[in-house]
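Computed from the coordinates by the stated procedures, all read-outs in this text should not be read as laboratory data. Since we're looking at a predicted model, the values are computed, not measured. Cβ coordinates were reconstructed from backbone atoms using ideal geometry, including for glycine residues, and neighbour counts include every protein chain displayed.
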Amino acid sequence: MDIFEAIRTRRSIRDFTGERIPDEDLEKILDAARYAPSPENMQMWRYVIIREDQELKEFISAISKNAASEVFGSAAYELTQGRLWYLPDRNRPGTFEDMRSGDLFLYPKDADAVIIGCGSETFHDSPLIYELEYFGSIVVGMGILNMWFAAHALGYGAGFQAFPIMEPRRNELICERIGVPRTWVPVATLSIGVPKKPRMMGPSRFPLESVFYSERWGNPYKRLAFREEE
């Protein structure tokens, strides 16, 4: 598929068969991360790929479940019902329950590869500190998105989440478990695998006019189809 189809049809996959992806395909996916942009080409990203250590995948899944149950457990319906309006009525109760319990986020255990993306403010030789908030996390995110598109284009599924590392105590547990030095910070995880079944197309997005302004804030961008001929 071309890049525009990959962008439009990419979905978050949270249900994997556990099958192994051919090594050559996985390497193509990993290689896509190297081509993400970074300031001054500093490439302040490192990735740890968990493939053989099933116990660690289970550990990451358990942390994800625990964190998600904290976030959604108190008010799953109130937090999500507006944004998840597109769910079929028959799926809605079960999906909300899986979010409330955290079970929806156990999928790393069934993925073939769980990739932990790490960023850094200080590993490079620049005299400036490139804050993780503005640079490191962004370039890691762009690398993750490159891998996501590559996996989708090859027919595999991927699911992104920050639940395993978004809270300092859980972040520390992950760092200790995989030996991440303190100059690097885990930013997010990407689980890649063979999807059990295709997901339905995603919900509609806001129109261009609502998210892009032309020249000045508040002046909506006007799509070509709606521009008056001069």
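What does the charge count near Ser120 come to, summing +1 for each Lys or Arg and -1 for each Asp or Glu among other residues with Cβ under 15 Å from its Cβ?
Summing Lys/Arg as +1 and Asp/Glu as -1 gives -3.
Net charge around Leu154, counting only other residues with Cβ within less than 9 Å of its Cβ (Lys, Arg = +1; Asp, Glu = -1)?
0
Return the calculated 222 nm mean residue ellipticity for the chain, to the nearest 500 deg cm²/dmol, obtained by summing -39500 (n - 2.57) across DSSP H runs with n ≥ 4 and dividing by the residue count.
On the way: 8 runs with 84 residues, N = 230.
Only helices count here, giving -11000 deg cm²/dmol.
Glu58 to Glu133: FRET efficiency via 1/(1 + (r/R0)^6), r the Cβ-Cβ distance, R0 22 Å, to the nearest 0.05?
E between Glu58 and Glu133, to the nearest 0.05, is 0.10.
Which whole number in µm²/s is D for the chain by Stokes-Einstein, with the Kirkwood Rh taken over Cα pairs at 25 °C and 0.890 mPa s?
Approximately 126 µm²/s, per Stokes-Einstein.
Hand me the tally of lysine pairs in the chain: alpha carbons under 23 angstrom apart, and the pair either on different chains or 8 or more positions apart.
Qualifying lysine pairs in the chain: 13.
Please give the charge dipole size of the range 3-205, origin at the Cα centre, charges +1 on K and R Cβ atoms and -1 on D and E Cβ atoms. Round to the nearest 20 debye.
For the range 3-205, the charge dipole is close to 700 debye.
Comparing Leu87, Leu106, Leu30, which has the greatest mean-square fluctuation in the GNM of the chain with Cα pairs linked when under 10 Å apart?
Leu87
Placing +1 on the Cβ of each Lys and Arg and -1 on the Cβ of each Asp and Glu in the chain, which of Pro203, Leu173, Ile29 has its Cα farthest towards the positive end of the resulting dipole?
Checking the options against the dipole of the chain, the answer is Pro203.
With a 10 Å radius around each residue's Cβ, average the other Cβ atoms per peptide and rank 193-204, 145-156, highest first.
Peptide ranking by packing, descending: 145-156, 193-204.
Please compute the contact order of the range 3-205 in relative form: average sequence separation of alpha-carbon pairs under 8 Å and at least six residues apart, divided by the residue count, as a percent.
With pairs under 8 Å counted, the relative contact order is 36 percent.
What number comes out for the charge environment of Arg177, summing +1 per Lys or Arg and -1 per Asp or Glu over other residues with Cβ under 12 Å away?
On the way: positive: Lys57, Arg170; negative: Asp53, Glu55, Glu58, Glu172, Glu176.
Result for the neighbourhood of Arg177: -3.
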